[in-house]
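The values are calculated or read from the model by the stated rules, or taken from the named source; none is laboratory data. These figures come from a predicted structure and were not determined experimentally. Glycine gets a Cβ as well: all are built from the backbone with ideal geometry, and neighbour counts include every protein chain shown. Side chains included, ligands, DNA and RNA excluded: accessible areas come from the protein's heavy atoms. Shrake-Rupley method; radii C 1.70, N 1.55, O 1.52, S 1.80 Å.
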Amino acid sequence: MTLPERRAELRTLVKELRWQNRLAVEVLPPDSYQLMQIELAELPREERRDAARWQVRDMLEFPVEQAVVDLFDVAPFGSDKRPLTYVVAARQEPLRERHGSLKEAELELEAIDVPEFALRNLADLFQQDERGTAILYLQEQGGLLTIAREGVHYLTRYLSSGMLDLLPYADGDFEALTEQLDSIVLELQRTFDYCESTFHLPMVSRLLVAQTEREIPAVITYLNDYLPTQVEAFGFDAVLEVPDGSEQVELNRHLLAIGGALRREGD
């Protein structure tokens, strides 16, 4: 779909739903930005962004002059160690295009977010999980694992395996399915281990798995058997009201948009 077609579709949708002049949060696609960890000296807040821009200039896939950058810190859990600093960098021009599309549709841009924080917002719904929550978001191609506790995003890991790797074996070839799931288990366990060693974060209370093409019960069963935490299918029951008749799998396909809509002021 071309940019004019996308803008026309958005204008039509906003008009039909009477959303004119509402606030909007844009969630960037995973392939439209870079996330990098850097080391920053103790600098005044107003100098940190310029220092970060200088540090990442050789890490970017495009000229730093074309970049918009932002920073966030993650402090180790229960420790007085210095926080780790991360930089998010994206090209200016696509961001301007997205802003222009919203403005043309008569929406007011409140913030531009990334999938890491959209999933963090969803994890915040599960406050009953005392040791935090992990969400595994399985898209068509690849997946995202986000680990959050007490409103803090600690880590997001991109997985190479997704729903298209699992669906061919969903209805019978359990051995082939488990081979695919073994690689997911390995990536998840490595991520949990890294999170514990780097951020001193104990194992989360639950891992919630959001499947986007269809629910494959064997995925939940297998992960629950081989991971040291409780594994369940992601669901909004008891944490969020959804339209009557909504199918969870359909909601899962729009999970990043829902997470973006849950963004709180100051995040």
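Based on this model, can you work out whether Arg45 counts as modelled with pLDDT under 90 and of a type in the set (Lys, Arg)? Quick ask: steps written out before the conclusion?
Values: modelled with pLDDT under 90: yes; of a type in the set (Lys, Arg): yes.
Against the criterion (modelled with pLDDT under 90 and of a type in the set (Lys, Arg)), Arg45 qualifies.
In this structure, does Ser197 turn out to be in a helix (DSSP H, G or I), open to solvent by less than 50 Å² (accessible area, probe 1.4 Å) and of a type outside the set (Phe, Trp, Tyr)?
Details: in a helix (DSSP H, G or I): yes; open to solvent by less than 50 Å² (accessible area, probe 1.4 Å): no; of a type outside the set (Phe, Trp, Tyr): yes.
When the stated conditions are applied, Ser197 does not pass them.
Looking only at segment 210-260, how many residues end up being touching a residue at least 12 places away in the same chain (Cβ under 8 Å), of a type in the set (Val, Ile, Thr) and either touching an Asp or Glu at 6+ places or on another chain (Cβ under 7 Å) or in a loop (DSSP other than H, G, I, E, B) (or both)?
Qualifying residue count, segment 210-260: 6.
Inside segment 53-167, counting only strands (runs of 3 or more DSSP E) that do not spill past its ends, which hold 3 or more residues that are open to solvent by less than 10 Å² (accessible area, probe 1.4 Å)? Reasoning before the result, please.
Numbers: elements: 67-74, 84-91, 108-113, 133-138, 143-149, 152-159.
The qualifying strands (runs of 3 or more DSSP E) are 67-74, 84-91, 133-138, 143-149.
Spot the failing condition for Val185; the list is (1) modelled with pLDDT of 95 or more; (2) under 18 Å from Asp129 (Cβ atoms); (3) of a type in the set (A, V, I, L, M), and only one is missed.
It is condition (2) that Val185 fails.
Can you report the number of residues in segment 176-195 which are among the acidic types (Asp, Glu) and closer than 12 Å to Ser160 by Cβ? Quick ask: steps written out before the conclusion?
Just the residues of segment 176-195 that are among the acidic types (Asp, Glu), to begin with: 179, 182, 187, 193.
Still in the running and closer than 12 Å to Ser160 by Cβ: 187.
Number satisfying all stated conditions: 1.
Name the residues in segment 6-45 that are open to solvent by 100 Å² or more (accessible area, probe 1.4 Å) and either more than 26 Å from the chain's Cα centre (by Cα) or of a type outside the set (Asp, Glu) (or both), would you?
Step one: list which residues in segment 6-45 are open to solvent by 100 Å² or more (accessible area, probe 1.4 Å), which gives 6, 9, 15-16, 18, 21-23, 31, 39, 42, 45.
Hits for segment 6-45 are Arg6, Lys15, Glu16, Arg18, Asn21, Arg22, Leu23, Glu42, Arg45.
Please go through segment 200-213 and give me each residue that is open to solvent by less than 10 Å² (accessible area, probe 1.4 Å) and under 26 Å from Leu251 (Cα atoms), ordered by number. Before the answer, list the steps.
At the first step, the residues of segment 200-213 found to be open to solvent by less than 10 Å² (accessible area, probe 1.4 Å) are 201, 204, 207-212.
Answer for segment 200-213, where residues must be open to solvent by less than 10 Å² (accessible area, probe 1.4 Å) and under 26 Å from Leu251 (Cα atoms): Val204, Leu207, Leu208, Val209, Ala210, Gln211, Thr212.
Hey, Phe192 hits all of (1) among the aromatic types (Phe, Trp, Tyr); (2) open to solvent by 50 Å² or more (accessible area, probe 1.4 Å); (3) touching a residue at least 24 places away in the same chain (Cβ under 8 Å) but one; which does it fall short on?
(2)
Given the condition at pLDDT 90 or above and at positive phi, answer yes or no: does some residue in segment 88-107 qualify?
First, pick out the residues of segment 88-107 that are at pLDDT 90 or above: 88-107.
Those left that are additionally at positive phi: 106.
Looking through segment 88-107, at least one residue is at pLDDT 90 or above and at positive phi.
I'm trying to understand the selection: among the residues of segment 112-139, which are farther than 13 Å from Leu255 by Cα and touching a helix residue (DSSP H, G or I) at 6+ places or on another chain (Cβ under 7 Å)?
The answer is Ile112, Asp113, Thr133.
If I go through segment 168-185 residue by residue, how many of them are surrounded by fewer than 13 Cβ atoms within 10 Å (Cβ to Cβ) and closer than 30 Å to Asp73 by Cα?
0
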